[in-house]
Amino acid sequence: MTARAPNFSVSICIPTCNRPRLLEAALISCLSQPIFPSEILIGDDSHDRKSTAIVNRLSRQANIDIKYWKHSESIGQAANLNWLIDNANSEYLIFLHDDDRLCASAIKILYEAKLKYPGAQCFYGKQYLIDYIGNILPNRTERWNQRYFRIREYAGLQRSNLSAALSQQFPNNGFLIENQLARKTRYRPEIEIGQAVDADFGIRVAFAARQRSFVYIDSFVSEYRLNPDSISQSTTLNRREDLLYEYIEKLKIPADDEKARIGFLERIAVAAALDAARAGRRRSAIRIIFSRRYKEALLSRWTLYRLICTVSPAIGERMKRFLTHINPDLGGDRERQWRQFGNGHIEK
């Protein structure tokens, strides 16, 4: 039984690019909620019209207003998200990646939290990790949520918005946020902050929101797909996490949030060092590698690989291919694994 909740309007915003079948799964998860969203907005950066056909078909079947924009050329993730923010008419927004899904009662869970904490501005819960075809990965899911402090003891109104964002308890999508707060914050372009626009958005929302405005709900709200085609899983795309690293380093924050800042820097230092090297920023890469935040062993083949990349990324990549050729167990997706799980705790 589906219905609209009284005095509650929410727009689901989905940026998409060349993932028609995964977009279909994401849309179906939105259309199957026990509480209807007021509208679903889709900004499409795809190179073809396959997603258009899927949206048109589901729109004819749905009792929800689906607004769809096919951009004539790709405008990028951040600009696409801002486009959706600008065109949303509801009091609240939920952002959803096109390769992820909402859990079956996500909107109901978020709505009930809003009623329980009327002064809060952002609401979020746990995430399932799923494989490419949609199977839940129980062990990874448990470690994922423990790692980001999404466990029972942290449920409720958070002591510090900023610590919640820096610890990445505030997730990359699937959260409920006041429309006005999202419009005030907006997503920064990739040229300023790299591809980690979601993490940057959460941190700046923490600054823009009222104090103690983040609420963690100890229930599953979204499913995060480990998609080999995603930005976070790519081993070739330079995500420019060095830009995010340096932004976090320079933040002026209260002493109570310093532990969360250190944890954030330690999680991304390894990837940030390689991104700086690949971007030709040698001094920045070397500084990060020899900092206290870099947790890979200095006398390791992978640290040697990153140091070689500071001199020549092309030679570094040849070394990487050689190492993985003589020992396939080293894995060519080392950087991706660090980005996903960090600190060397990697499940094969």
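Just so you know, all these numbers are worked out from the coordinates, no wet-lab data involved. Just so it is clear, the structure is predicted and the values come from calculations on it, not from any experiment. Positions of Cβ are backbone-derived with ideal geometry, glycine not excepted, and every protein chain shown enters the neighbour counts.
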Q. Which net charge results when you count Lys and Arg as +1 and Asp and Glu as -1 among the other residues whose beta-carbon is under 13 Å from that of L243?
A. -2
**Q.** Karplus-derived 3J(HN,Hα), 6.51/-1.76/1.60, for each residue of region 294-299, Hz, glycine and proline x
**A.** 7, 9, 7, 4, 5, 8
(Q) Helix-only mean residue ellipticity at 222 nm, the chain, DSSP H runs n ≥ 4 weighted -39,500 (n - 2.57), per residue, nearest 500. What is it? (A) -13500 deg cm²/dmol
Q: Which order do the peptides 211-218, 117-124, 97-104 take when ranked by the mean count of other beta-carbon atoms within 10 Å per residue, highest first?
A: 97-104, 211-218, 117-124
Q: Please go through region 1-101 and write out the GluC sites (Glu not before Pro) that DSSP classes as loop and that have at most 10 other C-beta atoms within 10 Å.
A: E73
Q. What does the charge add up to near H71, with Lys and Arg as +1, Asp and Glu as -1, over the other residues with Cβ less than 9 Å from its Cβ?
A. -2
